[in-house]
Amino acid sequence: MKSGKKRWAASVLALTLTATLAACGGNGGSSAAETEGSAASGTKSDDLKPITFTYFSEDSSTNWNNMKDEVGKVITEKTGVTLDAEFAVGDPVQKISLIAATGNYPDLIAAKADVGKLVDAGAVIDLTDLIDKYAPNIKKMLGDKLVRTKYSLDDQAIYAIPTWSAVEEKKFKADGGFELQHRVVKEAGYPEIRTVKDFEKVIQDYITKHPTDENGNKNIGLSLNADDWHMYQVTNLGFQTTGGPDDGEYYIDQETHQATYHFRRPEEKEFFRWLNHMNSIGLLDPESFVQKTDQFKAKVASGRVLGLADPEWDYGDGQNALKAAGKFDQTYGHYPVTMSTEYKDTSFWPAGFDGGYGISISSKCKDPVRAIKFLDFLASEEGQILNNWGIEGKHYTMENGKRTLIPEVQERANNDGAAFQKEAGLGLYWNLMVHYGDGIKDSTGNYFTRNYPELLTANYSEAEKETLKAYKAEHWKDLFPKEEDFKQRAYGAAYTMSLPNDDPAVILGAKMKDITWKRIPEAVMSKPEDFDNIWDAYMAELEKAGVKEMEEAYTKHIKDRIELWSTN
């Protein structure tokens, strides 16, 4: 069966299931207003009847507690829903491929760009009518951005409710860039950390004076996590340090919208040459490309890793262990490091709202109407406050109209993050919900999320405050180029596009990944005199494998998305 026919079949199945379930156990002829009331309050008995949905997510959730956490219990109380959840272990792409191939579909599936495989297999249904009839909160939040949830210009079904991209957001928190321990920059006298050479110098100076820690273990200059899919966090540094926004594996020309496999840019070759240099002088962890994620986090937790180039969500468990041990001077600050001052760090380059990654309802879901109502509750103001702030009186208080975490809760969240989240559930359900981002206020005038300036300041350790003061900054974001320095991308973030499994960009992209994930470690860990030969062989191998054909196919998809978003 052709992929187009499979998508048509999935759409028909969605309509059939919706109509059948609406007649049997849904809202019947309820108006949108009545639906919104019942979805938000959970007053209808049918809406509260216990039901368990199976759920698979490509993202890991190390603190998942089978909805036995405090927030999870309230969600079940409000919706009647519990989740029998499975999270990806190892390569999530392989798991999605297996799901698509075997027909063993969970009720709910949170896939990323791989949703195309599920669409082609008829594994997920078109959510358009379900959203229209049973999801007033989702409709309200998405508003005119609903068009961005459509699959493609040729197939304008909605196969996933977006959960990764915030509908509106003004980011206050810098949680990326390059990281250095506070003790390292303090000993260096708080110099400007703007280029890779600046970053390298403070590490080299510190490690020369302090080659080992207090226990005689060797300090590590820079450690990378390249375990399985974490390799993307390493390879993304190529565009991150050379002025490119995060568009996945491509660099998109902002005028022509031509897509280039980003490793083919000469600028990026020089970044990987710098990593090779760091390895040759002993400042790069020699285990960077072979260690497992747990080993990487354990090194961070030991306090021996002086520098990182990693998002905070990846190394955060290790940093939390340092906080719990009171080693705040061995935690990290964030710096906008690029190859040279001609480039800007693009951490805050806005992409606008992306409708790509999200949560889908499978064609074998036992009750699609209950499923969409569950997701709609999470999208409600009540659901978002519950996820971000927890339960009033237990986790936060309202005083003079201001929502504030209870001090003991705040302390546990700061210093015992993993254990606290597993117990309380705060922030544990964000990837199940379409949501507002940082800087957006709810109907009470309070922020939806807990990432806002006053609370960020209150959560800084004394070591962090000392470092920020030395750099004349109130927040780490102050060190980075601002959103206003960039033009919003017409296509959002390219990596959120979902493509058919038989598309040339997908087929050839898998070949490029295999080549790149072999060649990058080889080039970085080689002798400096061998670097150019290895890199040239890498570039030749990409061309032989069809990289130009892949780029042209992806360029067409970028232009099609721009047309889709601008004509609806």
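The values are calculated or read from the model by the stated rules, or taken from the named source; none is laboratory data. This one's a predicted model, so the numbers in the text were calculated from it and none came from an experiment. Quick reminder, even Gly has a Cβ in these numbers, built from the backbone with ideal geometry, and neighbours come from all protein chains shown.
Scanning segment 344-365 for residues that are over 24 Å from Arg561 (Cβ atoms) and either among the aliphatic types (A, V, I, L, M) or outside any strand (DSSP E or B) (or both) yields a total of 5. Looking across segment 292-303, just one residue is within 22 Å of the chain's Cα centre (by Cα) and part of a loop (DSSP other than H, G, I, E, B), and that is Lys292.
The residues in segment 315-338 that are over 16 Å from Asn459 (Cα atoms), touching a Phe, Trp or Tyr at 6+ places or on another chain (Cβ under 8 Å) and assigned to a helix (DSSP H, G or I) can be counted, and the count is 2.
Across segment 201-219, the number of residues qualifying as in contact with a Ser or Thr (Cβ under 9 Å, 6 or more places away or on another chain) and either of a type in the set (Gly, Ala, Ser) or crowded, with 16+ Cβ neighbours inside 10 Å (or both) comes to 1. Within segment 504-526, if we keep just the residues that are among the β-branched types (Val, Ile, Thr) and over 13 Å from Leu275 (Cα atoms), the residue that is surrounded by the fewest Cβ atoms within 10 Å (Cβ to Cβ) turns out to be Ile507.
Residue under question is Thr496, and the condition is that it be under 30 Å from Ile406 (Cα atoms), buried (at least 18 other Cβ atoms within 10 Å of the Cβ), touching a residue at least 24 places away in the same chain (Cβ under 8 Å) and of a type in the set (S, T, N, Q); does it hold? Let's see the steps before the verdict.
Working: under 30 Å from Ile406 (Cα atoms): no; buried (at least 18 other Cβ atoms within 10 Å of the Cβ): yes; touching a residue at least 24 places away in the same chain (Cβ under 8 Å): yes; of a type in the set (S, T, N, Q): yes.
Answer is no for this residue.
Table: residues versus (1) without any contact (Cβ under 8 Å) to a residue 60 or more places away in the chain; (2) within 19 Å of Cys365 (Cβ to Cβ); (3) touching a Phe, Trp or Tyr at 6+ places or on another chain (Cβ under 8 Å); (4) not assigned by TED's automatic domain parsing to the domain that holds Pro504.
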| position | (1), (2), (3), (4) |
| --- | --- |
| Pro106 | no, yes, yes, yes |
| Ala110 | no, yes, yes, yes |
| Ile131 | no, yes, no, yes |
| Ile138 | no, yes, no, yes |
| Leu153 | no, no, no, yes |
| Ala160 | no, yes, yes, yes |
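Here is the figure for segment 185-216: residues that are more than 19 Å from Lys472 (Cβ to Cβ), part of a helix (DSSP H, G or I) and in contact with a Gly (Cβ under 9 Å, 6 or more places away or on another chain) total 6. For segment 448-461, the set of residues classified as of a type outside the set (Ser, Thr, Tyr) and not in a loop (DSSP other than H, G, I, E, B) consists of Pro453, Glu454, Leu455, Leu456, Ala458, Asn459, listed by residue number.
Filtering Gly243, Gly282, Gly238 for residues that are assigned to a helix (DSSP H, G or I) and either of a type in the set (S, T, N, Q) or assigned by TED's automatic domain parsing to the domain that holds Ala510 (or both) leaves a single hit, Gly238. Just to check your reading of the model, which residue among Leu375, Leu426, Leu432, Leu405 is surrounded by 23 or more Cβ atoms within 10 Å (Cβ to Cβ) and touching a His at 6+ places or on another chain (Cβ under 9 Å)? Unique residue meeting the criteria: Leu426. Can you find even one residue in segment 205-223 that is of a type in the set (A, V, I, L, M), over 30 Å from Arg450 (Cβ atoms) and not assigned by TED's automatic domain parsing to the domain that holds Lys323? Within segment 205-223, none of the residues are of a type in the set (A, V, I, L, M), over 30 Å from Arg450 (Cβ atoms) and not assigned by TED's automatic domain parsing to the domain that holds Lys323. Does Glu200 satisfy the condition of being modelled with pLDDT of 95 or more and either assigned by TED's automatic domain parsing to the domain that holds Ser340 or closer than 30 Å to Pro500 by Cα (or both)? Judged against the criteria, Glu200 is a match.
Give the number of residues within segment 160-184 that are outside any loop (DSSP other than H, G, I, E, B) and within 12 Å of Met141 (Cα to Cα). Don't jump to the end; show me each part of the working.
Residues of segment 160-184 outside any loop (DSSP other than H, G, I, E, B): 161-162, 178-184.
Now drop any that are not within 12 Å of Met141 (Cα to Cα), which leaves 161-162.
Number satisfying all stated conditions: 2.
Consider Thr128 carefully, then state whether it is on the phi < 0 side of the Ramachandran plot, surrounded by fewer than 22 Cβ atoms within 10 Å (Cβ to Cβ), touching a helix residue (DSSP H, G or I) at 6+ places or on another chain (Cβ under 7 Å) and of a type in the set (Val, Ile, Thr).
no
Select from segment 281-317 the residues that are surrounded by 22 or more Cβ atoms within 10 Å (Cβ to Cβ), touching a Ser or Thr at 6+ places or on another chain (Cβ under 8 Å) and within 16 Å of Thr62 (Cα to Cα) and list them in ascending order. Correct list: Phe296 only.
For segment 462-503, how many residues meet the condition of being within 30 Å of Ala553 (Cβ to Cβ) and not in a loop (DSSP other than H, G, I, E, B)?
Summing the residues that are within 30 Å of Ala553 (Cβ to Cβ) and not in a loop (DSSP other than H, G, I, E, B) in segment 462-503 gives 3.
Report yes if Tyr232 is free of Cβ contacts under 8 Å to residues at least 60 places away in the same chain and under 20 Å from the mean Cα position of the chain (by Cα), otherwise no. Answer is yes for this residue.
Please return the ranges of strands (runs of 3 or more DSSP E) entirely within segment 48-114 where 3 or more residues are surrounded by fewer than 19 Cβ atoms within 10 Å (Cβ to Cβ).
Values: elements: 51-57, 81-87, 108-111.
The strands (runs of 3 or more DSSP E) meeting that bar are 51-57, 81-87.
Selection of helices (runs of 4 or more DSSP H) fully inside segment 366-443 by the criterion of at least 2 residues being among the acidic types (Asp, Glu) and in contact with a Leu (Cβ under 7 Å, 6 or more places away or on another chain) returns nothing. For segment 420-454, the set of residues classified as more than 29 Å from Ser360 (Cα to Cα) and in contact (Cβ under 8 Å) with a residue 12 or more places away in the chain consists of Thr444, Gly445, Asn446, Tyr452, Pro453, listed by residue number. If the condition is being within 19 Å of Lys173 (Cβ to Cβ) and touching a residue at least 40 places away in the same chain (Cβ under 8 Å), then segment 391-417 contributes Arg403, Leu405, Gln410, Asn414, Asn415, Gly417.
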